[in-house]
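Remarks on the structure that follows.
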């Protein structure tokens, strides 16, 4: 397998890369940014799997995940992260992501999981939908509509513009924003947007 490991935690990337390269038949290449992914994909058209960290420079939520999936095809893209909101994971899987590998996974298990994914399977840990991987926690679950409002707000749209796009009124959007801020323990919409990006909710 040829694996592109994209992670800006250099020590972790080095350890994972060395382990993968030590396995017969494996070639691991690494980068620490979104731009680096695009550059390596243009140079290495035979990549089988992309291990994608969500917190690297240049990564902007689902838009970047979608871009990597499109540009790396037919390679399989797998989220490689410490934690991820289950709504984000669901959306990533719908875009064509082939699963989630937690950074807490023992290194000795990683190669077997990658072989499974390379064979065409989707891998998601059984606890990927539990509070351990969902920083917001079930008591703070955002509805799909709230996530949509949050994405638009994080993109800089005003309540009036969001209401227009959703075919509703500003009062309804304000109610959604109050609910979002309460669930995320955010002080205001800007704080909610910051939290949502940190937690990869959008």
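The values are calculated or read from the model by the stated rules, or taken from the named source; none is laboratory data. Keep in mind that this is a model prediction, so the values were computed, not measured. All Cβ positions, even for glycine, are placed from backbone atoms using ideal geometry, and neighbour counts span all protein chains on display.
Within the range 184-194, how many residues are buried (at least 19 other Cβ atoms within 10 Å of the Cβ) and over 11 Å from residue 153 (Cα atoms)?
Summing the residues that are buried (at least 19 other Cβ atoms within 10 Å of the Cβ) and over 11 Å from residue 153 (Cα atoms) in the range 184-194 gives 1.
For the range 54-80, enumerate the residues that are over 20 Å from residue 148 (Cα atoms) and buried (at least 21 other Cβ atoms within 10 Å of the Cβ). Walk me through how you get there before you give the answer.
First, the residues of the range 54-80 that are over 20 Å from residue 148 (Cα atoms): 55-58, 68-80.
Scanning the range 54-80 gives 68, 72, 75, 76, 77, 78, 79, 80.
What is the one condition in (1) touching a strand residue (DSSP E or B) at 6+ places or on another chain (Cβ under 7 Å); (2) farther than 19 Å from residue 200 by Cβ that residue 6 does not satisfy?
Residue 6 satisfies all of (1) touching a strand residue (DSSP E or B) at 6+ places or on another chain (Cβ under 7 Å); (2) farther than 19 Å from residue 200 by Cβ except (2).
Can you go through 147, 142, 133, 152 and tell me which one is at pLDDT below 85, in contact with a strand residue (DSSP E or B) (Cβ under 8 Å, 6 or more places away or on another chain) and outside the structural domain of residue 23 (by TED's automatic domain parsing)? Show your work before the answer.
Numbers: 147 fails: in contact with a strand residue (DSSP E or B) (Cβ under 8 Å, 6 or more places away or on another chain); 142 fails: in contact with a strand residue (DSSP E or B) (Cβ under 8 Å, 6 or more places away or on another chain); 152 fails: in contact with a strand residue (DSSP E or B) (Cβ under 8 Å, 6 or more places away or on another chain).
None of the others qualify; the one that does is 133.
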